[in-house]
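Asker: Sending over a structure as structure tokens; questions will come in a sec.
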Amino acid sequence: MLLRIDPASSVPLFEQLAASVRSEASRGNLRAGDRLPAARDVAGSLDINIHTALRAYQLLRDEGLVDLRRGRGAVVTDRVAHYSELGEAIPRLVASAKEIGVGVHTLTAMIRQEYGS
């Protein structure tokens, strides 16, 4: 599993890290029961503060993607299957949007409207 962040981005590092884990899940690279690397190891390899890595893991816990347990670390939950399903559906959605000439900003606005935000 390759976790990435962009220190130059305006997106907070913890959000980038959580997004990277979600991306791995949507690509099918994570399965229920898999353990994420220890927050300390992630922080060291990405050269970020351990609290940043822990905040990302807590965000993923709040979303139900991982279960955090003392001594066991971050373990991927069964909910990962839903991320894999989305990972399969998103390329089809984007291809359909491109085919009819809907740009990324319009598609994003349509998704936000569907969410009600």
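The values are calculated or read from the model by the stated rules, or taken from the named source; none is laboratory data. All of these numbers come straight from a predicted model, not from anything done at the bench. As a convention, Cβ positions derive from the backbone with ideal geometry for all residues, glycine included, and neighbour counts pool all protein chains shown.
Asker: Kindly indicate whether Ala43 is more than 19 Å from Val80 (Cα to Cα) and either among the charged types (D, E, K, R) or free of Cβ contacts under 8 Å to residues at least 24 places away in the same chain (or both).
Answerer: On the way: more than 19 Å from Val80 (Cα to Cα): yes; either among the charged types (D, E, K, R) or free of Cβ contacts under 8 Å to residues at least 24 places away in the same chain (or both): yes.
Against the criterion (more than 19 Å from Val80 (Cα to Cα) and either among the charged types (D, E, K, R) or free of Cβ contacts under 8 Å to residues at least 24 places away in the same chain (or both)), Ala43 qualifies.
Asker: Restricting attention to region 30-39, does a residue exist that is surrounded by fewer than 17 Cβ atoms within 10 Å (Cβ to Cβ), farther than 24 Å from Ala89 by Cβ, of a type in the set (D, E, K, R) and not assigned by TED's automatic domain parsing to the domain that holds Glu88?
Answerer: Within region 30-39, one or more residues are surrounded by fewer than 17 Cβ atoms within 10 Å (Cβ to Cβ), farther than 24 Å from Ala89 by Cβ, of a type in the set (D, E, K, R) and not assigned by TED's automatic domain parsing to the domain that holds Glu88.
Asker: Residues that are touching a Cys at 6+ places or on another chain (Cβ under 7 Å) and not β-branched (Val, Ile, Thr): find the helices (runs of 4 or more DSSP H) completely inside region 1-91 holding 1 or more of those.
Answerer: Of the helices (runs of 4 or more DSSP H) lying wholly inside region 1-91, none has at least 1 residues that are touching a Cys at 6+ places or on another chain (Cβ under 7 Å) and not β-branched (Val, Ile, Thr).
Asker: When you go through (1) assigned by TED's automatic domain parsing to the domain that holds Ile111; (2) at positive phi; (3) not charged (D, E, K, R) one by one for Val94, which number turns out not to apply?
Answerer: Failed condition: (2).
Asker: Also, quick follow-up: Can you find even one residue in region 95-104 that is closer than 30 Å to Pro37 by Cβ and either assigned to a loop (DSSP other than H, G, I, E, B) or free of Cβ contacts under 8 Å to residues at least 60 places away in the same chain (or both)?
Answerer: no
Asker: Go through region 18-41 and count every residue that is polar (S, T, N, Q) and farther than 13 Å from Leu3 by Cα.
Answerer: The total comes to 1.
Asker: Could you tell me how many of the residues in region 64-86 are surrounded by 13 or more Cβ atoms within 10 Å (Cβ to Cβ) and free of Cβ contacts under 8 Å to residues at least 12 places away in the same chain?
Answerer: Counting residues in region 64-86 that are surrounded by 13 or more Cβ atoms within 10 Å (Cβ to Cβ) and free of Cβ contacts under 8 Å to residues at least 12 places away in the same chain gives 3.
Asker: Looking at Ser26, Ser20, which is the one that is at pLDDT below 95 and either out of contact with any Asp or Glu (no Cβ under 8 Å at 6 or more places or on another chain) or crowded, with 19+ Cβ neighbours inside 10 Å (or both)?
Answerer: Ser26
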